[in-house]
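A.B. asks: Dropping the structure in here first, questions after.
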Amino acid sequence: MRNDSDVIRTVSRHTLAYMLFSISEMFRHYDEFDPLDLLIVHAILNANVINVMNDPSLDEQFSSIHAVEPDVIKQGVSRAALSRFLSLPLETVRRRVAGLKRRKILAETKAGLIVTEQNLFRFGNNHELQKTNMLLLTKLLRDLKRSGINGPDDLRASKETSKGAASPRKAK
């Protein structure tokens, strides 16, 4: 059995590679966009569907690659929450959001910002990127398995190694 610090280092190395490959594919596919704008759009997309991911019936209802979450069920996100989540200055977020709204990618609802289902760039419904993500995730899982990490039970961390770990942040 591997020790906790070996597991943490192995998982960190492989998940970082997965994240970088994913971001690289996103940047490559949407090369006409500034990388910061892409980061903002995808952070909003994620915030928009947190409620779907947390509700098993909604998650199943919108699980098809051909199903798109309608704007009316999307959870809006504020500029301030984006600023905190992405660790970006609020003014930068405001300026970038204004440009994305002009391009009709984002819309403002009573609950906050959403990525519109009708956006011309297919953010949130890009089948090519979704399929690429499946390939990258398969590679990540295969690499972790090859490293001796077969599932969540192998990700145990002792109290000493997890005390200083930061918890994941959610955009609200």
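Bear in mind that the values in this text are calculations on the coordinates, not laboratory data. The shown structure was predicted, so the numbers you read here are calculated from the model rather than taken from an experiment. Don't worry about glycine lacking a Cβ; one is built from the backbone with ideal geometry, like all the others, and counts go over all protein chains shown.
A.B. asks: Lysine pairs in the range 4-143 with alpha-carbon atoms under 22 Å apart, 8 or more places apart or on different chains: how many are there?
C.D. replies: Details: Lys74/Lys101; Lys74/Lys104; Lys74/Lys110; Lys101/Lys110; Lys131/Lys139.
So the count of such lysine pairs works out to 5.
A.B. asks: Between Arg103, Arg156, Arg94, where does the largest GNM mean-square fluctuation fall for the chain, given springs only between Cα atoms within less than 10 Å?
C.D. replies: Highest fluctuation among the options: Arg156.
A.B. asks: Please work out how much length the chain gains when fully extended from Asp4 to Ser147, using 0.36 nm per residue of separation minus the C-alpha to C-alpha distance, in nm with one decimal. If you can, show how the numbers build up before the last one.
C.D. replies: Details: separation 143, 0.36 × 143 = 51.48 nm, distance 1.35 nm.
Difference between extended and current length: 50.1 nm.
A.B. asks: Would you mind calculating the relative contact order of the range 4-143 from Cα pairs under 8 angstrom and at least 6 residues apart, reporting the percent as a whole number?
C.D. replies: It comes to 28 percent, rounded to a whole number.
A.B. asks: Once the Cα gyration tensor of the range 4-143 is found, what semi-axes does its equivalent ellipsoid get, as square roots of 5 times the eigenvalues, in whole Å, sorted largest first?
C.D. replies: 26, 19, 16
A.B. asks: Determine the dipole magnitude for the range 4-143: charges of +1 sit on the beta-carbon of Lys and Arg, -1 on that of Asp and Glu, nothing else is charged, the reference point is the Cα centre, and the result goes in debye to the nearest 20.
C.D. replies: Value, rounded to 20: 480 debye.
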